[in-house]
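What follows is a set of notes on a single structure, which appears directly below.
Throughout, read-outs are computed from the coordinates displayed, never taken from laboratory work. Not measured: the values here are computed from a predicted model. A quick note on method: Cβ atoms are made from the backbone with ideal geometry, for glycine too, and the neighbour counts reach across all protein chains shown.
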Amino acid sequence: MNKIQIASIIGLIFFLQQSIVSQSKNENKFLQKIGTIDSIYSKTLKEYRKFYVQLPGNYNPKKKYPVVYILDGGVFLPTVNDVQRYYSGGFTPEMILIGISNATNRTRDLTTSKIDKKYGMPFTEENGEAHNFNKFIGSELIPFVESKYPVTHFRTLIGHSYGGLFVMYTLLNTPDLFTNYLAIDPSLDWDNQKLLSDAQEIFSKKTYNGKSLFMSLNGQLHPQNPIINIENVMQDTSELTLFARANIAFSNMVKHHSKNGLAYKWNFYPNDLHGTIPFPSIMDGLIFNFKWYQMENTNKFNSTNTTKEELSKFVNYRAKKLESHFGYIVPPYPEDLFDALGHMSMDIGDLKKAKMFFEFAIKFYPNNATSYNSMVDFYERSNDYNNALKFATKAFEISDDEYYIQRIKNIKKRINKI
């Protein structure tokens, strides 16, 4: 097998596997089904709150996953799921998605302080209860999700508009609730930019090591004056640019306090409106927040000239890197990739590399029968049938599949012939 073939196979495993498997499993009555409905009664909010749960395409109930909480989940869960279908595995980890419904009491729950006037006009809608909604998420929803679904403590929060305002409020007031924050076109103009004023003091004192924030701004900086652009908007003083100016001012403040450890990126989307910006922001935001997760040294794995020692170093480095970010042990690569690399190494006659990849598969996936079955292939190729029998037996102990029974019988026949 040549280098081009190896690169092609690795690319398919990294970037297409999740999408293809997910589509084939769900191709039933509907082309795509998104989100199973669940609910919880909140003592804090004194009401039932509905949310939607979307499992990864390759969901394994024995595995635990990072989790994404999505405000306005009934609207944005499908978009987050679409991004994950294409990018998980290579750019982002597989994750369980929790879409929180904000169909009722949205303004009440997502706004961060009480007002009775907005832009000089009376504002009578119930508002300013973000502290209660934050309490509901932290003390009720998250514990409920963690007791019912196989999720880890590695959490991401996504919100748009008022939801983005709430994301920023959470980062400022309860930063340990989530690791990643994605604030899409946040309404930081709320209550005469009060949250921006609060943030000035908070950012100057707190540290945000290990936290990540992505924030975005849409291109309609002034709804009536197209001359206003990103270069001159901060010189405008009208209320119609307050939304954009608050966003930019907040971004400048975050950059000013860059030494507090927060990983931060701000994106301006000149061709998007407030209603269209969620799609590119979700894609770019997830990729940025998981920038450290993206696979490195793929060219080295594609090259037959890379030594066994170098490859081993890359695998161990990635394993340590993921553990340091997640806070728990995470396999550095999918089991299928270790298996493919091992078998491709055998195909080109590099048995030392093959054995190394199969050993890594067993190390990181000790409860998967296929990892041991690949080692059976290796020892049969090496004419070491005693060790082949040992690993075939182990595979059968994990999975009592008829395939392994037959394989054990065939190996014993070979041993008896020797």
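Return the tail of the calculated pair distribution for the chain, meaning the percent of Cα-Cα pairs more than 38 Å apart. If you can, show how the numbers build up before the last one.
Values: 28811 of 87153 pairs.
Of all Cα-Cα distances in the chain, 33 percent exceed 38 Å.
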Between the Cα axis of helix 402-417 and the main Cα principal axis of the chain, the angle (0 to 90°, nearest 10) is 30 degrees
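Between LYS33 and ILE418, what is the FRET efficiency for a Förster distance of 56 Å, r being their Cβ-Cβ separation, to the nearest 0.05? Intermediate values should be presented prior to the final figure.
Details: r = 54 Å, r/R0 = 0.97.
E(calc), rounded to 0.05, equals 0.55.
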Taking amide H atoms as placed 1.01 Å from N in the peptide plane, list the residues 5 or more away in sequence, or in a different chain, whose amide H sits under 5 Å from that of VAL330.
GLU323
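For region 333-372, compute Rh as the Kirkwood radius over C-alpha pairs and then the Stokes-Einstein diffusion coefficient at 10 °C and 1.306 mPa s; write the answer in µm²/s, rounded to an integer.
Result for D is 164 µm²/s.
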Exactly which GluC sites (Glu not before Pro) in region 161-268 are in a DSSP loop and have at most 13 other Cβ atoms within 10 Å?
GLU231
Tell me, what is the FRET efficiency for SER238 and GLU402 to the nearest 0.05, using R0 = 56 angstrom and their Cβ-Cβ distance as r?
0.15
Just to confirm the number: angle between the C-alpha axis of helix 385-398 and the first principal axis of the chain, 0 to 90 degrees, nearest 10?
40 degrees
Amide N of region 138-157 lying under 13 Å from the label point, which is placed 7 angstrom from the Cα of ILE329 along Cα→Cβ
none
Mean residue ellipticity at 222 nm from the helices of the chain, using -39,500 (n - 2.57) per DSSP H segment of n ≥ 4 over the full residue count, to the nearest 500 deg cm²/dmol?
-15500 deg cm²/dmol
Stokes-Einstein D in µm²/s, Kirkwood radius over Cα pairs - region 298-417 at 20 °C with 1.002 mPa s viscosity:
142 µm²/s
Expressed in nanometres to one decimal, the distance between label points 7 Å along Cα→Cβ at THR298 and ASN173 is 4.2 nm
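What full-extension length gain, to one decimal in nm, is calculated for SER258 and ASN387 as 0.36 nm per residue of separation minus the Cα-Cα distance? Intermediate values should be presented prior to the final figure.
Details: separation 129, 0.36 × 129 = 46.44 nm, distance 5.54 nm.
Between SER258 and ASN387, full extension yields 40.9 nm more.
Report the FRET efficiency, 1/(1 + (r/R0)^6), for SER312 and LYS206, where r is their Cβ-Cβ distance and R0 is 45 Å, rounded to 0.05.
Working: r = 40 Å, r/R0 = 0.88.
With R0 = 45 Å, the Cβ-Cβ based efficiency is 0.70.
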Taking a ≥ b ≥ c as the square roots of the eigenvalues of the Cα gyration tensor of region 292-347, is the shape rounded (a/c under 1.5), prolate (a/b larger than b/c) or oblate?
prolate
Computed Kirkwood radius, in angstrom, where 1/r is averaged over Cα pairs of region 37-137:
15.4 Å
Could you please report the charge total around LYS148, scoring K, R as +1 and D, E as -1 over all other residues with beta-carbon less than 13 angstrom from its beta-carbon?
-2
Compute the long axis of helix 278-289 from its Cα atoms, compare it with the longest principal axis of the Cα atoms of the chain, and write down the angle in degrees, 0 to 90, nearest 10.
60 degrees
Amide H of SER42 versus every other amide H placed in the peptide plane: which residues, excluding those fewer than 5 positions away on the same chain, fall under 5 Å?
GLU47, TYR48, ARG49
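What are the GluC sites (Glu not before Pro) within region 45-134 that DSSP puts in a loop, where the Cβ has at most 13 other Cβ atoms within 10 Å? Each step should come with its number before you reach the end.
Working: sites: GLU47, GLU94, GLU125, GLU126, GLU129; in loops: GLU94, GLU125, GLU126, GLU129.
Sparse-neighbourhood loop GluC sites (Glu not before Pro): GLU125, GLU126.
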Surpassing 32 Å at the alpha-carbon level, of the pairs LYS265/LYS321; LYS352/LYS394; LYS43/LYS320; LYS63/LYS394; LYS352/LYS409; LYS313/LYS412, are LYS43/LYS320; LYS313/LYS412
